[in-house]
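Below is one structure, written out as structure tokens; comments come after it.
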Amino acid sequence: MPTAVMLSQSAADLLCCLGLGLALAAVYDAIVCILGKTKLVVLLLDIAVFSFAGILVCSYAAARSYAGVVRWYHLLGMLIGQWAYYHAFCAVTQRIHSALLLCAIAPLKWSYRRIFYPAFRAIVYRMEAVWCKRKEKQKKKQKNESKQLQTSAKMLYNSR
């Protein structure tokens, strides 16, 4: 059984676990920004982050903690770290993500508006002109067929 830990040592452990919680929440948020926020991605990511948080706390407690085992303030530190990330830094990282996304999509929008859309409209304009000419030819052909004196459906035979 571990011995009692001094308050200054437990405060140092609490701050280290707070940093682990902040880092874990930042990684979670970055992965959600990259993969999207679908139900399946969030479910799998929640399971992965929960198990990774357990591994982090256990390995921190075994390697660096003054107590040598997981204590309640380790878990509290990680929880406060994640809470602090989502209430203090999440809005900033979301704005950075949207700005990066805008910088990545802006050249695509520009090329679409300046290159692809005019080329597409030119092709459609030419195709419409061809279709209009074909319709006009069909109308003329129908008009000429109706002007014939003798219908083509009746065939005259020489009778002997």
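The values are calculated or read from the model by the stated rules, or taken from the named source; none is laboratory data. This is a predicted model, so every value here is computed, not measured. Backbone-built Cβ (ideal geometry, glycine too); neighbour counts: all protein chains shown.
For segment 70-86, does any single residue satisfy the condition of being part of a helix (DSSP H, G or I), farther than 15 Å from Leu20 by Cα and of a type in the set (A, V, I, L, M)? There is no residue in segment 70-86 that is part of a helix (DSSP H, G or I), farther than 15 Å from Leu20 by Cα and of a type in the set (A, V, I, L, M).
Report yes if some residue within segment 67-79 is among the hydrophobic types (A, V, I, L, M, F, W, C) and touching a Leu at 6+ places or on another chain (Cβ under 8 Å); otherwise report no. Yes, there is a match, as at least one residue in segment 67-79 is among the hydrophobic types (A, V, I, L, M, F, W, C) and touching a Leu at 6+ places or on another chain (Cβ under 8 Å).
Taking the criterion of being free of Cβ contacts under 8 Å to residues at least 60 places away in the same chain, among the β-branched types (Val, Ile, Thr) and more than 30 Å from Ser51 (Cα to Cα), would at least one residue in segment 103-116 satisfy it? Yes, because at least one residue in segment 103-116 is free of Cβ contacts under 8 Å to residues at least 60 places away in the same chain, among the β-branched types (Val, Ile, Thr) and more than 30 Å from Ser51 (Cα to Cα). Exactly one residue out of Val92, Val69, Val57, Val42 is free of Cβ contacts under 8 Å to residues at least 60 places away in the same chain and touching a helix residue (DSSP H, G or I) at 6+ places or on another chain (Cβ under 6 Å), and it is Val57. Any residue at all in segment 89-102 that is of a type in the set (A, V, I, L, M, F, W, C), modelled with pLDDT under 85, surrounded by 11 or more Cβ atoms within 10 Å (Cβ to Cβ) and under 38 Å from the mean Cα position of the chain (by Cα)? Yes: one or more hits. Total residues in segment 45-69 satisfying the condition of being of a type in the set (Phe, Trp, Tyr), over 20 Å from Ile34 (Cβ atoms) and in a helix (DSSP H, G or I): the figure is 1.
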